[in-house]
Structure formats: structure tokens, C-alpha cells
Amino acid sequence: MVEVRLRVNGAIESLDVEPRVSLLDALREHLGLTGTKKGCDQGACGACTVLADGERINSCLALAVQYADREITTVEGIATGGRPHPLQTAFIANDGFQCGYCTSGQLCSAIGMLAEHGAGAPSAVTEHLSTTGIELTDAEIRERMSGNLCRCGAYNGIVGAIRDVADTEPVRSEPVRSEPVRSEPVR
Ligand code: FES
Ligand code: FES
């Protein structure tokens with residue numbers, strides 16, 4: 001066992017874990033943060049997406065010990081001041097989910113994706129690089145979110161939700177909160 005200190009949603013947590021424990025399992029099984037989902041457990045579905053220092057990662061492919069002292073944000077930590085994140089509101093307004101299993105990963109991925117786009121990062125479908133910004137077309141959104149699968153096929157609503165937020169306000173991917181957030185285990 002090794003001791004690892006994780007910073008999750010503004011709280012500092014010390015855990016004793018085996019070095020092979022994934023960040024996903026550390027979040028779910030050790031910290032009770034079950035909002036982050038396990039789908040494939042091999043990097044193919046995106047259900048486990050969280051933010052590490054504002055960048056989206058698949059937590060099933062990350063070892064907890066790799067992310068010691070990095071700022072991890074899970075879906076439990078994206079609301080601020082008791083108000084849902086704009087993407088959460090937009091997902092509801094656009095029917096961006098059905099069963100909801102993929103939704104935590106979709107939300108974290110979308111936050112990271114919008115920050116990447118805002119920083120000028122191109123995607124595989126970007127036709128014209130520009131110093132004044134890349135147009136975030138629906139094709140761009142679909143490509144940039146292609147690592148997050150939805151078995152219910154709620155893709156049109158997901159794209160609509162992201163489109164609404166992208167058109168109305170900049171999305172911050174760094175953690176913004178006033179107090180630590182923990183969830184009770186709900187499986
Ligand atoms: S559970 Fe991590 S990518 Fe599927
Ligand atoms: S809403 Fe069911 S898997 Fe996406």
C-alpha cells in the first residue's frame with residue numbers, strides 16, 4: 001500500500017491504496033464519489049471522464065498515484081454556489097440524456113472541450129486554422145466529443161446543450177468553488 005494525497009473538488013484527501021488502483025476506483029470506491037461512472041474500464045467510452053488541472057482525462061486509465069496533488073474535478077464539483085453548471089442546465093433544457101449513465105462524463109468532457117476550443121486547439125475536422133478562433137460547428141462539437149459514447153443515443157441533445165452554452169458564455173474548466181464537495185455513496 002502507498003499513501004497518496006488527492007485534491008478532489010477542493011478537498012484534500014489522504015488515501016492508502018495499492019499502487020495499481022486507478023483514479024476512477026479511488027474516486028468511487030475510496031472517496032464515495034460515485035458520480036463518475038465506470039463503463040468500459042479500458043478507455044473506450046468516456047463515462048469516467050474527470051478534469052485534472054482543467055484538462056479532461058479518462059480516470060479509468062489513470063493511476064491514483066499519478067495524480068497526487070493535481071486538482072481533480074468530478075461532476076460533483078462543477079456546480080458553484082449551489083447553482084448548477086450552465087452545461088448541466090443546458091443538458092436538462094435540451095434533453096441531453098436518457099438513462100444518465102454517460103452524463104457525468106459528457107459534462108466533464110464538454111467543460112474541458114470548450115476550454116480547449118477557447119484556447120484555439122484544432123480538431124481532426126478543423127478545415128481552417130485561425131488566430132481569431134475556430135468556428136465551433138456541430139461537426140466540431142461531435143468530433144471533439146467523440147470520445148464520449150452514449151448508449152441511449154442522446155447525441156442530438158448533447159450537441160444542442162453544448163451549442164447553447166458555447167453561444168452564450170465562456171466556460172471555465174478550472175475548479176471554482178467556495179467549499180469542499182463530497183457526495184454520499186449512491187450505487
Ligand atoms: S470507463 Fe473509462 S473510458 Fe470507459
Ligand atoms: S444517456 Fe444513457 S448512455 Fe447516455
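If the condition is being touching a Lys or Arg at 6+ places or on another chain (Cβ under 9 Å), under 16 Å from Ser146 (Cα atoms) and within 6 Å of ligand 1 (Cβ to nearest atom), then segment 35-50 contributes Gly39, Cys45, Gly46, Ala47, Cys48.
In segment 72-96, which residues are of a type outside the set (Ser, Thr, Tyr) and more than 13 Å from the chain's Cα centre (by Cα)? I'd like the intermediate steps shown before the answer.
As a first pass, look at segment 72-96 and keep what is of a type outside the set (Ser, Thr, Tyr): 72, 75-79, 81-88, 90-96.
Within segment 72-96, Gly81, Gly82, Arg83, Pro84, Pro86, Ala90, Phe91, Ile92, Ala93, Asn94, Asp95, Gly96 qualify.
Quick check on Leu6: is it farther than 19 Å from Tyr101 by Cβ and surrounded by 18 or more Cβ atoms within 10 Å (Cβ to Cβ)? Spelling it out, Leu6 is indeed farther than 19 Å from Tyr101 by Cβ and surrounded by 18 or more Cβ atoms within 10 Å (Cβ to Cβ). In this structure, Pro185 qualifies as at pLDDT below 90, in contact with a Ser or Thr (Cβ under 8 Å, 6 or more places away or on another chain) and exposed (fewer than 12 other Cβ atoms within 10 Å of the Cβ).
Which one of Val159, Val165 is of a type outside the set (Asp, Glu), more than 16 Å from ligand 2 (Cβ to nearest atom), part of a helix (DSSP H, G or I) and surrounded by 13 or more Cβ atoms within 10 Å (Cβ to Cβ)?
Val165
Report yes if some residue within segment 39-58 is assigned to a helix (DSSP H, G or I) and away from ligand 2 (no atom under 16 Å from the Cβ); otherwise report no. No, segment 39-58 contains no residue that is assigned to a helix (DSSP H, G or I) and away from ligand 2 (no atom under 16 Å from the Cβ).
Sort through Val21, Val75 and tell me the only one that's crowded, with 20+ Cβ neighbours inside 10 Å and within 16 Å of ligand 1 (Cβ to nearest atom). Before the answer, list the steps.
On the way: Val21 fails: crowded, with 20+ Cβ neighbours inside 10 Å.
Answer to the check: Val75.
Checked against (1) within 13 Å of Asp164 (Cα to Cα); (2) touching a residue at least 12 places away in the same chain (Cβ under 8 Å); (3) within 16 Å of ligand 2 (Cβ to nearest atom); (4) not hydroxyl-bearing (Ser, Thr, Tyr), Cys99 passes all but a single condition, namely (1).
Just one of Leu107, Leu87 is part of a helix (DSSP H, G or I), among the hydrophobic types (A, V, I, L, M, F, W, C), closer than 22 Å to Ala121 by Cβ and within 16 Å of ligand 1 (Cβ to nearest atom); which is it?
Numbers: Leu87 fails: within 16 Å of ligand 1 (Cβ to nearest atom).
Checking each option against the conditions leaves just Leu107.
Here are Thr126, Thr131: which of them is more than 20 Å from the chain's Cα centre (by Cα) and buried (at least 16 other Cβ atoms within 10 Å of the Cβ)?
Working: Thr131 fails: buried (at least 16 other Cβ atoms within 10 Å of the Cβ).
Thr126 is the lone residue from the list that is more than 20 Å from the chain's Cα centre (by Cα) and buried (at least 16 other Cβ atoms within 10 Å of the Cβ).
The values are calculated or read from the model by the stated rules, or taken from the named source; none is laboratory data. Since the model is a prediction, treat every value here as computed from it, not as a measurement. Counting neighbours? That spans all protein chains shown, and the Cβs are built from the backbone with ideal geometry, glycine included.
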